[in-house]
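The values are calculated or read from the model by the stated rules, or taken from the named source; none is laboratory data. In this text, all values refer to a predicted model and were calculated from it rather than measured experimentally. Note: ideal-geometry Cβ built from the backbone for every residue, glycine included; neighbour counts use all protein chains shown. Quick note on the areas: whole protein, heavy atoms, side chains included, nothing else; ligands and nucleic acids left out. Shrake-Rupley method; radii C 1.70, N 1.55, O 1.52, S 1.80 Å.
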Amino acid sequence: MRHGKAGRRLGRKTSHREAMFRNMVTSLLNHEKITTTDAKAKEIRVVAERMITLGKRGDLHSMRLAAAVIREKSVVSKLFSTIAPRYKDRPGGYTRIVKLGVRQGDAAPTSLIELVEEEMKPSKVKQTPVKTVSKPVALAPVTVTVADEPVVDSVETIAPAEEKTE
């Protein structure tokens with residue numbers, strides 16, 4: 001059974017895989033979008049979102065934890081000064097993965113992983129519109145008076161047009 005074995009191994013040893021993720025997350029936070037394979041993008045997303053969450057906390061301990069993963073000090077300062085405040089009201093979901101197709105050399109499925117740009121607006125509770133049933137409107141009775149005939153209450157109707165036959 002495969003209990004407790006989360007994550008993809010990607011055909012690499014643990015140290016190589018962790019170093020690759022650190023490099024890719026550093027590049028993602030620096031450039032705000034990178035192109036990679038689908039499997040790597042899905043794994044990078046976990047680490048990148050954890051780093052942004054640390055940036056949102058903003059204390060010294062969080063900065064040191066982020067600096068243990070991110071390779072460049074300038075990217076750590078960018079994370080805490082510009083990237084994290086952008087997502088202060090957003091409860092997760094800081095990245096987007098867009099499928100690009102297959103790579104020409106080896107037909108590997110590729111994706112673009114990017115930071116979500118638009119500002120998060122708190123969603124309001126959707127109120128379902130009240131359905132109104134429109135009932136057919138009946139024509140009101142019309143009073144018709146003719147000189148020699150009594151008064152009759154009737155509903156006006158339009159007679160169908162006569163068909164011409166040749």
Length gained if VAL47 through LYS73 is fully extended, taking 0.36 nm per residue and subtracting the Cα-Cα distance, is 7.6 nm
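Quick one: grab the alpha carbon gyration tensor of segment 1-48, order the square roots of its eigenvalues as a ≥ b ≥ c, and give me rounded if a/c is under 1.5, else prolate or oblate depending on whether a/b is larger than b/c.
Details: a/c = 2.27, a/b = 1.85, b/c = 1.23.
Prolate, because a/c is 1.5 or more and a/b exceeds b/c.
Tell me, what is the per residue accessible area of segment 1-89 in Å², probe radius 1.4 Å?
62 Å²
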Got a sec? Which residues in segment 103-118 would a label at LYS33 touch, if it sits 7 Å along Cα→Cβ and we count backbone N under 16 Å? 110-118
Can you figure out the FRET efficiency of GLU117 with ASP59, using R₀ = 41 Å and their beta-carbon distance, to the nearest 0.05? 0.95
How big is the shadow of the Cα convex hull of segment 9-129, averaged over all directions, in nm²? 9.8 nm²
For GLY93, net neighbour charge (Lys/Arg +1, Asp/Glu -1) across residues whose Cβ lies under 11 Å away: +2
Sorted by packing (mean other beta-carbon atoms within 10 Å per residue), highest first, where do 62-75, 31-44, 104-117, 2-15 land? 31-44, 62-75, 104-117, 2-15
